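Colleague: Here's a structure for you.
The values are calculated or read from the model by the stated rules, or taken from the named source; none is laboratory data. These figures come from a predicted structure and were not determined experimentally. A quick note on method: Cβ atoms are made from the backbone with ideal geometry, for glycine too, and the neighbour counts reach across all protein chains shown. Heads up: the accessible areas ignore ligands, DNA and RNA and are worked out on the full protein's heavy atoms, side chains in. Shrake-Rupley method; radii C 1.70, N 1.55, O 1.52, S 1.80 Å.
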Amino acid sequence: MALRGVRVLELAGLAPAPLCGQILADFGAQVVRVDRFRSAAIHADVQGRGKRSLALDLKQPRGAETLTRLCQKADVLLEPFRPGVMENLNLGPDVLLKNNPRLIYARLTGFGNSGAYSKMAGHDINYLAVSGVLSRLGRKDENPYAPVNLLADFAGGGVMCALGIIIALYERTKSGKGQVIDASMVEGAAYLSSFLWKSQNLGLWNRPRGENLLDSGAPFYETYKTSDGKFMAVGALEPQFYKQLISGLGLDSDKLPDQYDFSGWPEMKRRFTDLFSKKTQAEWCEIFDYTDACVTPVLSFDDVVSHPHNKERGTFLKNDQEEISPRPSPLLSRTPATPSTRRDPFIGEHTEEILLDSGFSKEEIAQLKALKVIESNKPKANL
Ligand SMILES: C[C@H](CCC[C@H](C)C(=O)SCCNC(=O)CCNC(=O)[C@H](O)C(C)(C)COP(=O)(O)OP(=O)(O)OC[C@H]1O[C@@H](n2cnc3c(N)ncnc32)[C@H](O)[C@@H]1OP(=O)(O)O)[C@H]1CC[C@H]2[C@@H]3[C@H](O)C[C@@H]4C[C@H](O)CC[C@]4(C)[C@H]3C[C@H](O)[C@]12C
């Protein structure tokens, strides 16, 4: 796998850093999740695929020393805390990069490591708001709407941070040096929105929220309810594809307003809504599947795995606990990701083996355990 041999220490956090670590693990990195003790853990990590867990109390000087020692042999440290937390633990970049100048020290925060808001608590919706993106999301005459926590947490945060890590690893092959990555979810989300900024001159975003081409203003870029309570997604932007949509709906284009005549959009939306409500999702699929009308079913989590296209591509996989999740993407032809099929690790499941692998002696491990600096939790046998 592409990232084989890359050693990552991921300090346990909420959603974005776990996704970043999971991406690295899926593509072959050895990812150790550094957890708080089981009794102190606040959130359950559901993105632990392919990781091992070390439970370590960083608040104790011996705990911080242990992490410092682990960082000497690591390629990447991923930390998800509020700015200043790592420095308070004597684990800031100055200390760790001095010990290991090749270390890539990735800081995944909401507002960044500096700036007026940097020390404030927040979540996806707050970062998306400050990025400017949230103001553009939502339907006409409704409040802005955050699409779950996908945009800031995962796309602008977890994925962007993984990209930063890969770029820094690549750069290190030339310079031999590590560096600090300041991955702010506000800036990650803003960066993702580059197209929205750059396309303003095209007239795509001049109208109020929910009245533009790609924000549910256009009748040909919208979802429609079907007679069985399901939905179809329509994305027929180009005239040649729009023509196929119109024909599939049984309409006569000569009797309709021009596709890009904004004044005709509300009426066209009403007509499309009415038409789509007359057939089931399956009936619409019979009409539109394998055409260029850009019309597809909105698949539920129940239906998506068994959809023929996804089945053929193996888009979803099952682990050995029968849990279904999406296969890593993208597909690399020679060195594809081969994600672990094992269940996610328990907190502290691999504490001892990780320390042994990293050169700690059995005596040192026993001492750390006696001092309650580390915790070891073995899964109960399944009898
Ligand atoms: C599923 C929900 C999560 C959704 C994600 C959400 C939408 C997001 O947006 S995630 C993005 C959050 N933001 C960031 O990550 C930005 C960067 N980080 C921060 O800004 C902050 O970390 C923070 C604001 C996120 C949290 O601040 P906090 O004050 O808690 O922490 P920090 O200041 O960073 O300091 C960390 C302290 O911890 C110490 N530490 C760390 N590691 C160790 C260690 N190994 N040993 C010792 N000490 C350690 C560190 O030293 C710091 O100490 P100090 O403060 O003293 O310096 C879920 C969200 C809520 C969940 C529910 C909830 O928890 C209740 C239930 C709990 C139950 O167990 C399960 C069900 C719940 C209902 C649970 C369900 C879900 O998990 C949630 C809904």
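Colleague: Show me the helices (runs of 4 or more DSSP H) found entirely inside the stretch 237-353 where at least 1 residues are surrounded by 15 or more Cβ atoms within 10 Å (Cβ to Cβ), of a type in the set (Phe, Trp, Tyr) and out of contact with any Leu (no Cβ under 6 Å at 6 or more places or on another chain).
Modeller: 239-248, 265-276, 281-288
Colleague: Those residues that are in a loop (DSSP other than H, G, I, E, B), surrounded by 13 or more Cβ atoms within 10 Å (Cβ to Cβ) and modelled with pLDDT of 95 or more, I need them from the stretch 174-208; list them, please.
Modeller: Lys177, Gly178, Ser193
Colleague: If I filter the stretch 101-114 down to residues being within 13 Å of the ligand (Cβ to nearest atom) and surrounded by fewer than 23 Cβ atoms within 10 Å (Cβ to Cβ), which single residue comes out as farthest from Tyr170 (Cα to Cα)?
Modeller: Selected residue: Phe111.
Colleague: Can we say Gly164 is of a type outside the set (Val, Ile, Thr) and without any contact (Cβ under 8 Å) to a residue 60 or more places away in the chain?
Modeller: When the stated conditions are applied, Gly164 passes them.
Colleague: Looking at (1) in a loop (DSSP other than H, G, I, E, B); (2) touching a Leu at 6+ places or on another chain (Cβ under 8 Å); (3) among the β-branched types (Val, Ile, Thr), find the lone condition where Val148 falls short.
Modeller: Single failed check for Val148: (2).
Colleague: Also, I was wondering about something else. List every residue pair whose Cβ atoms sit under 7 Å apart, with the two residues 6 or more apart in sequence or on different chains, where the first one lies in the stretch 28-52 and is more than 20 Å from Pro330 (Cα to Cα) and the second, anywhere, is within 8 Å of the ligand (Cβ to nearest atom) and part of a loop (DSSP other than H, G, I, E, B).
Modeller: Going by the 7 Å Cβ cut-off, the qualifying pairs are Arg33/Ala12; Val34/Ala12; Asp35/Ala12; Asp35/Ala41; Arg36/Ala12; Phe37/Asp57; His43/Leu14; Asp45/Ala12.
Colleague: Would you pick out the residues in the stretch 215-240 that are of a type in the set (A, V, I, L, M, F, W, C) and out of contact with any strand residue (DSSP E or B) (no Cβ under 8 Å at 6 or more places or on another chain)?
Modeller: Ala218
Colleague: So which of Ile374, Ile347, Ile354 is on the phi < 0 side of the Ramachandran plot, among the β-branched types (Val, Ile, Thr) and touching a helix residue (DSSP H, G or I) at 6+ places or on another chain (Cβ under 6 Å)?
Modeller: Ile374
Colleague: Residue by residue through the stretch 47-65, note down the ones that are out of contact with any helix residue (DSSP H, G or I) (no Cβ under 6 Å at 6 or more places or on another chain), within 9 Å of the ligand (Cβ to nearest atom) and more than 20 Å from Leu103 (Cα to Cα).
Modeller: Within the stretch 47-65, Lys59, Gln60 meet the criteria.
Colleague: Take the residues of the stretch 118-140 that are assigned to a loop (DSSP other than H, G, I, E, B), more than 10 Å from the ligand (Cβ to nearest atom) and of a type outside the set (Gly, Ala, Ser): which is least open to solvent (accessible area, probe 1.4 Å)?
Modeller: So the residue we want is Val133.
Colleague: Turning to a different aspect of this structure: Just name the residue that is farthest from the ligand (Cβ to nearest atom) out of those in the stretch 66-86 that are of a type in the set (A, V, I, L, M) and closer than 17 Å to Pro16 by Cα.
Modeller: Val76
Colleague: Determine whether Met86 is surrounded by 22 or more Cβ atoms within 10 Å (Cβ to Cβ) and within 26 Å of the chain's Cα centre (by Cα).
Modeller: Yes, satisfied.
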